[in-house]
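Asker: Right, I'll just put the structure down here and ask away after.
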Amino acid sequence: MSTTAILLLAILGLGFLITFQIAKASEYVGVLKGEKKSFEQSNRVNAFLMVVFLVLGLIGIYWCHELFYKKTLLPFPSASDHGEKIDSMMFITIAITGVVFFITQILLFWFAYKYQHSDKRKALFYPHNTNWEILWTTVPAIALCVLVGFGLYYWYQITGNAPEKALQVEVTGKQFGWIYRYPGKDNVYGKKYYKNIDESNNNELGILWDDQYSHDDIVTTEALYLVKGQPVKINIFSRDVIHDVGLPHFRMKMDAVPGTPTTMWFTPQYTTEEMRKITGNNNFEYEIACDQMCGNGHYSMRGVVKVVTQSEFILWRARQKARYLMVFPDRDPTNQKAVDTTKTGTAPPPPVAAKR
Amino acid sequence: MSNEATHGHPEVVTTHEAHHDEHHVHHHKETFITKYVFSQDHKMIARQFLITGMAWAIIGGLMSVLFRLQLGYPDQSFPFLEDILGRWAKDGKITAESYYALVTMHGTVLVFFVLTGGLSGTFANFLIPLQIGARDMASPFLNMLSYWFFFIASVIMFSSLFVQTGPFSGGWTAYPPLSALGEASPGSKVGMDLWITSMALFVVSSLLGGLNYIATILNMRTKGMSMTRMPLTIWALFFTAVLGVLSFPVLLSGFILLLFDRHAGTSFYLDSIYIGSAALPNEGGSAILYQHLFWFLGHPEVYIIILPAMGIVSEVMSVNARKPIFGYMAMVGSLFAIAILAFLVWAHHMFVTGMNPFLGSVFVLLTLLIAIPSAIKVFNWLTTIWRGNIRFTPGMMFSLGFVSLFISGGLTGIFLGNSALDIALHDTYFVIAHFHIVMGVAGFFGMFAGIYHWFPKMFGRFLNNTMAYIHFWVTLIGSYLIFWPMHYEGLAGMPRRYLDYTNWLSFNQFDGLNKFISTVAMVVFAVQLMFIFNFFYSIFKGRRVTVKNPWGSSTLEWTTPIVAGHGNWPGEIPEVHRWAYDYSKDGREYISQTEPVTPDEKPH
Ligand code: HEM
Ligand SMILES: [Cu+2]
Ligand SMILES: [Cu+2]
């Protein structure tokens, strides 16, 4: 064992020994002083510590808030419209529960201090009082109705159907990474089947190339490109185990379940560039974090979201080569041109597979 | 173990008690084996559960210290770890495999083996016969079996730590397909088979215990002990047993289907999976089905943990505030409401699995309803100490701490139960903070309250008070220091179950905090070791109990001899004439349940 370990163990052992000796000694002192006297003394000390704990605790809460609030997402605007609703729900809940928290905690420790044992006091025989009990059944019930009301109002807005014009994107999780697919110009995804997955042939999604709709599909692992101000509908899949598309800045999250497609939609509000200005952080990126335990690489399952303007998006998409053409380079019109110069007049053969 | 501590006659026992001990009811020759190993005495079984639970608590706690070391100091290596863990900590760094194995085992062990087996097993066994006035459980034999199933389950779970491919490492909830496929994770190979086997035996143990508790409470109450005269501990343990009996079988069925998927080629949970460079043949299953089965137990399970703690706290608080528990019937009613609702909210763990939004909204409503009985309990506890005459015994302090923690953690449940907010908070550190405060730490506080309060009854001696007070204050302060700031990490979206956050732009701002949390966790753990020391030291060397009823309590267990033999009461079982909470009534400190009501007594 290393010396530090031995040192630590020695300190620990010494600490125990000292505590134990003190504990033992105080027990003997207690016996000498008389049980009653030592009880009264320790009772006073502990009662006093109860208020000390309350006061230091309240200060601690404030201090903790000062230190860490600025490191959360809440000081910055939400990157999505849904996130704004979630943020306002958060503040409503913090307000209501906060009031309850401070009232009950203060009462608890204050009562503990105030009603500490004293020979002069007799405890009150007070077994029940229906009015009080009705009061603290109805008040929480009303508060909860408010919370449920707001909560469900937002919940239905967030989980409602995506608008027709929404951008379509498909996100597929696998151990341990994300694959994104755009349906291309026809706005329809080509069919896929998991038994068709063929990593060595550039087909990590198992797309059926004989489905014509697949020919313009863009598959990438680089980043998830989204457009500012345009709603996006994300269709979520998993290839192996359950993952979760976690988008902390957008306050959104949805599981990726093998065999069961899921969806989420929202509207990005700020481009990555804008968010860099808002947060004052030039390296800012929207990240996708896997939020469902998916194996030993779970913690490394990182993706990046780039929110761009409409024109930037069009440019980006134009630069992407359809996956079909990467799999069948000979059917790529840009390659064809080179062929055309030698063999004039021969039109590229229609993809065989397309005839189903 | 010293014979004297558990059965013999401490010098101080007053004469008439000492005599009876000799000819108690089940008098027969006891050997070491029948007395300490295959004992059928509920008090001994309780102590067996307690000590096994404590062993697991040390193991589970040590695991958390190890993985906190990784979380707090991700860029450092600790050569001594390699000495302890071998290949699990190559070059003194916890590997991903071992990190996930540790996290998973930590959760499994603490939720099931400590806070279910250790907590219910100890206090249901110990208190039910003593507090309702019975000589033992309805079936002492099944009761013994319940412990031994727990023991075998423990051995198997422990052995899984040593298999070549490691113990199960997919999280204590064991969601398939990760838990179903060996290709998905090395821990899902043999480790998972051992995990399932162990858990299945654990379920058997819980069922044997639970049925016994229910049968005993319903049938074996002494004369005069009507249901509404029972101490709240018994009510709580009763509802706990009902929850367990109704929900554990569902978990078992979920595990059996999982076992089929693993070994029999079925597709209950598997569909369209490509893993390990091959497509699996399984199609048509639903991975979400498992989550429904799991959480149908999983949610009641959290109440299986907290209800006994609530019962203990109610009892200990009333005794030491020298006041009746406020609103006894409301306390029973809220336990009942919680028990019913516990079955109707499970899907709040699944808001973002793609479930139908309407279904989700039903679960939001039902989930938030639980906050109402919870609020009633909190306010009733507050009123119980109001105008009391509080003795800060260690048990009382842990009870007060419990209420504080239950408030803090219960309120964050209201965030999570609101599905809209859960979209942002699910599987972040906010959830970790929530359930550690409301279940983990609060559950332990209930257990500590119970141990400090009933230790004199269990072992005829007191625990050392000074160590107890240090234990309390360090644990309370430490727990808040550890878990309170985690809410902020959750509000930053920081996901749970990550080995390392340094490569994440969004989550790496908490490195200082993570170090701080890890350091506090180690201190708190060290103080728990001190408690363990206090516990075993005091069994043999603690201050002796010199009176039958050291806390001045009105319940039946304190009418037994200081060290009660098998059968509990040397003579007749006492008859009960009143409820359990006549404290400070008519100017008297307390009135034992065995005391007849006098005609001029004020009814309450
Ligand atoms: C006011 C009452 C409560 C409400 C409304 C509530 C709500 C919730 C919700 C919605 C979740 C799921 C969070 C998520 O995964 O996103 C959750 C998690 C959890 N709650 Fe509570 N809760 C309450 C009280 C309790 C109590 C009393 C306990 C235990 C004694 C408890 C133990 C847990 C545990 C263990 C988890 C996490 C399980 C896991 O994912 O590993 N909760 N709670
Ligand atoms: Cu993951
Ligand atoms: Cu739950």
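The values are calculated or read from the model by the stated rules, or taken from the named source; none is laboratory data. The shown structure was predicted, so the numbers you read here are calculated from the model rather than taken from an experiment. Cβ atoms come from the backbone with ideal geometry, glycine included; neighbour counts cover every protein chain shown. Only protein heavy atoms, including side chains, enter the accessible area calculation; ligands, DNA and RNA are left aside. Shrake-Rupley method; radii C 1.70, N 1.55, O 1.52, S 1.80 Å.
Asker: Between helix B:465-483 and chain B, what is the angle of the helix's C-alpha long axis to the longest principal axis, kept within 0 to 90° and rounded to the nearest 10?
Answerer: The answer is roughly 30 degrees.
Asker: Scan around A:Leu205 for amide H atoms under 5 Å from its own, H built in the peptide plane at 1.01 Å from N, and keep only partners 5 or more places away or cross-chain.
Answerer: Here A:Asp198 satisfy the definition.
Asker: If you don't mind, another one. If you average the alpha carbon positions of segment B:75-141 and of segment B:185-262, how far apart do those two centres end up, in angstrom?
Answerer: Value for the Cα centre distance between the two parts: 17 Å.
Asker: Apply the Karplus curve 6.51 cos²θ - 1.76 cosθ + 1.60, θ = phi - 60°, to the phi angles in segment B:265-276 and return the couplings in whole Hz, x for Gly and Pro.
Answerer: Karplus-based 3J(HN,Hα) across segment B:265-276 equals x, 7, 10, 5, 10, 10, 7, 6, 10, 10, 8, x Hz.
Asker: Now for a different question. Which percent of the Cα-Cα distances in segment B:512-554 go past 16 Å?
Answerer: So the portion of pairs separated by more than 16 Å is 61 percent.
Asker: Which helices of chain A meet both criteria: a Cα extent of 30 Å or more along the helical axis and a mean Kyte-Doolittle score no lower than -1.0, with helices taken as whole DSSP H segments?
Answerer: Helices meeting the span and hydropathy rule in chain A are A:3-33, A:35-68, A:81-114, A:130-159.
Asker: So, one more: Given an 8 Å cut-off on Cα distances and at least 6 residues of separation, report the relative contact order of chain A as a percent. Each step should come with its number before you reach the end.
Answerer: Numbers: 465 pairs, mean separation 58.0, N = 356.
Reported as a whole number, the value is 16 percent.
Asker: Please sort by residue number the trypsin sites (Lys or Arg not before Pro) in segment B:191-296 whose DSSP state is loop and whose Cβ has at most 12 other Cβ atoms within 10 Å. Each step should come with its number before you reach the end.
Answerer: Working: sites: B:Arg221, B:Lys223, B:Arg229, B:Arg262; in loops: B:Arg221, B:Lys223.
Passing both the DSSP loop test and the Cβ count: B:Lys223.
Asker: Another one. Rounding to the nearest 10 and keeping the result within 0 to 90°, find how far the Cα-based axis of helix B:394-417 lies from the longest principal axis of chain B.
Answerer: 40 degrees
Asker: Here's something else I'd like to know. With viscosity set to 1.567 mPa s at 4 °C, what whole-number translational diffusion coefficient in µm²/s follows for the protein assembly as shown from Stokes-Einstein and a Kirkwood radius over Cα pairs? Display every interim value, and only then the final one.
Answerer: Details: Rh = 30.1 Å.
The diffusion coefficient I find is 43 µm²/s.
Asker: Skip the ligands, DNA and RNA, and give the accessible area per residue of segment A:141-238 with a 1.4 Å probe, whole Å².
Answerer: Ligands and nucleic acids excluded, the figure is 42 Å² per residue.
Asker: Okay, next question. Please give the FRET efficiency for B:Phe162 paired with B:Leu289, using the beta carbon to beta carbon distance and R0 = 22 Å, rounded to the nearest 0.05.
Answerer: The value I calculate is 0.10.
Asker: Over both sides of the A-B contact, add up the buried accessible area with a 1.4 Å probe and give it to the nearest 100 Å².
Answerer: Separately minus together, A and B give about 10600 Å² buried.
Asker: How many percent of DSSP beta bridges within chain A run antiparallel, rounded to 5?
Answerer: So the antiparallel bridges in chain A amount to around 70 percent.
Asker: Sorted from largest down, give the three principal axis spans of the alpha carbons of segment B:123-242, whole angstrom values.
Answerer: Sorted from largest, the Cα extents of segment B:123-242 read 61, 24, 15 Å.
Asker: With axes computed from alpha carbons, what is the tilt in degrees of helix B:190-219 against the longest principal axis of chain B, rounded to the nearest 10 within 0 to 90?
Answerer: Around 30 degrees separate the two axes.
Asker: Further, regarding this structure: Ignoring any ligand, DNA or RNA, what whole percent of the accessible area of segment A:222-299 comes from carbon and sulfur when the probe is 1.4 angstrom?
Answerer: Looking at segment A:222-299 in its full context, I get 46 percent from C and S.
Asker: Report the antiparallel proportion of the DSSP beta bridges in the protein assembly as shown as a percent, rounded to a multiple of 5.
Answerer: Working: 34 of 47 bridges.
Expressed as a percentage, antiparallel bridges in the protein assembly as shown total about 70.
Asker: Going by amide H atoms built from the backbone, whose H comes under 5 Å of the H on A:Val304, apart from near neighbours?
Answerer: A:Leu224, A:Ile288
Asker: Would you mind getting the accessible area per residue of segment B:308-542, heavy atoms of the protein chains only, 1.4 Å probe, in Å²?
Answerer: That works out to 22 Å² per residue.
Asker: What is the calculated FRET efficiency for B:Ser277 to A:Val139, with r their C-beta to C-beta distance and R₀ = 51 Å, to the nearest 0.05?
Answerer: 0.30
Asker: Given a 1.4 angstrom probe, I'd like the percentage of the accessible area of segment B:546-604 that is carbon and sulfur, rounded to a whole number.
Answerer: Carbon and sulfur together cover 55 percent of it.
Asker: Now for a different question. Set the Förster distance to 51 Å, then compute FRET efficiency between A:Lys191 and B:Asn508 from the Cβ-Cβ distance, nearest 0.05. If you can, show how the numbers build up before the last one.
Answerer: Working: r = 41 Å, r/R0 = 0.80.
It comes to 0.80.
Asker: Do any trypsin sites (Lys or Arg not before Pro) in segment B:453-545 lie in a loop, going by DSSP, with at most 12 other beta-carbon atoms within 10 Å of their beta carbon, and if so which?
Answerer: Answer by residue number: there is no such site.
Asker: Here is a further query. Near A:Lys192, which lysines are there with a Cα under 23 Å away, not counting those fewer than 8 places off in the same chain?
Answerer: Result set, ordered by chain and number: A:Lys174, A:Lys233, A:Lys321, A:Lys355.
Asker: Here is a further query. Can you give the % of DSSP beta bridges in segment A:167-329 that are antiparallel, to the nearest 5? Mind dumping the intermediate values first?
Answerer: Values: 27 of 39 bridges.
So the antiparallel bridges in segment A:167-329 amount to around 70 percent.
Asker: Follow-up. What list of ³J(HN,Hα) values in whole Hz, one per residue of segment B:229-238 in order, does the Karplus curve 6.51 cos²θ - 1.76 cosθ + 1.60 (θ = phi - 60°) give from phi, with Gly and Pro shown as x?
Answerer: 9, 6, x, 5, 3, 5, 4, 5, 5, 5
Asker: Hey, another quick one. Would you look at the GNM of chain A, springs on alpha carbons closer than 10 Å, and say which of A:Lys277, A:Lys253, A:Lys321 moves the most?
Answerer: For chain A, modelled as a Gaussian network with Cα springs under 10 Å, the answer is A:Lys277.
Asker: Could you give the nm distance between label points at B:Ser139 and B:Thr546, where each point is 7 Å from its Cα heading toward the beta carbon?
Answerer: Taking the two extended label points, one gets 4.6 nm.
Asker: Under 5 Å between amide H atoms, partner at least 5 residues away or on a different chain: which partners does B:Phe326 have, H built in plane at 1.01 Å?
Answerer: Amide H neighbours of B:Phe326: B:Thr384.
Asker: A further question follows. Give the residue list of GluC sites (Glu not before Pro) in segment B:247-343 that are DSSP loop and have at most 15 other beta-carbon atoms within 10 angstrom.
Answerer: Taking segment B:247-343 and a limit of 15 other Cβ atoms within 10 Å, the loop GluC sites (Glu not before Pro) found are B:Glu283.
Asker: Only counting protein heavy atoms at a 1.4 Å probe, give the residues of segment A:247-275, ordered by number, whose accessible area falls by 40 Å² or more when the other protein chains are present relative to the chain alone.
Answerer: Listed by number, the residues meeting the 40 Å² cut-off are A:Lys253, A:Asp255, A:Pro258, A:Gly259.
Asker: On a straight-distance basis, which aspartates and glutamates could pair with A:Lys306 in a cross-link, Cα separation under 13 angstrom, same-chain partners fewer than 8 positions away excluded?
Answerer: A:Glu222, A:Glu273, A:Glu274, A:Glu285, A:Glu287
Asker: Now, a different point. My understanding is that a pair violates if its Cα-Cα distance is over 21 Å; which of A:Lys33/B:Lys457; B:Lys93/B:Lys515; A:Lys120/B:Lys323; B:Lys223/B:Lys377; B:Lys323/B:Lys377; A:Lys36/A:Lys122 do that in this structure?
Answerer: On the way: A:Lys33/B:Lys457 25 Å; B:Lys93/B:Lys515 16 Å; A:Lys120/B:Lys323 16 Å; B:Lys223/B:Lys377 29 Å; B:Lys323/B:Lys377 16 Å; A:Lys36/A:Lys122 17 Å.
Flagged as over cut-off: A:Lys33/B:Lys457; B:Lys223/B:Lys377.
Asker: Put +1 on the Cβ of each Lys and Arg and -1 on the Cβ of each Asp and Glu in chain B; which of B:Trp295, B:Ala337, B:Ile432 then has its Cα farthest toward the positive end of the dipole?
Answerer: The residue sitting most towards the positive pole is B:Ala337.
Asker: Also, quick follow-up: For segment B:46-51, take each phi angle, set θ = phi - 60°, evaluate the Karplus expression 6.51 cos²θ - 1.76 cosθ + 1.60, and give the result in whole Hz per residue in order, putting x for glycine and proline.
Answerer: 4, 5, 5, 4, 5, 6
Asker: Taking accessible area as the heavy-atom solvent-accessible surface of the protein chains with a 1.4 Å probe, which residues of segment A:282-307 lose no less than 50 Å² upon going from the isolated chain to the full protein assembly?
Answerer: Residues of segment A:282-307 that lose at least 50 Å² of accessible area once the other chains are added: A:Glu287, A:Asp291, A:Gln292, A:Met293, A:Asn296, A:Tyr299.
Asker: Over all directions, what mean area does the Cα convex hull of chain B project, stated in square nanometres?
Answerer: 27.6 nm²
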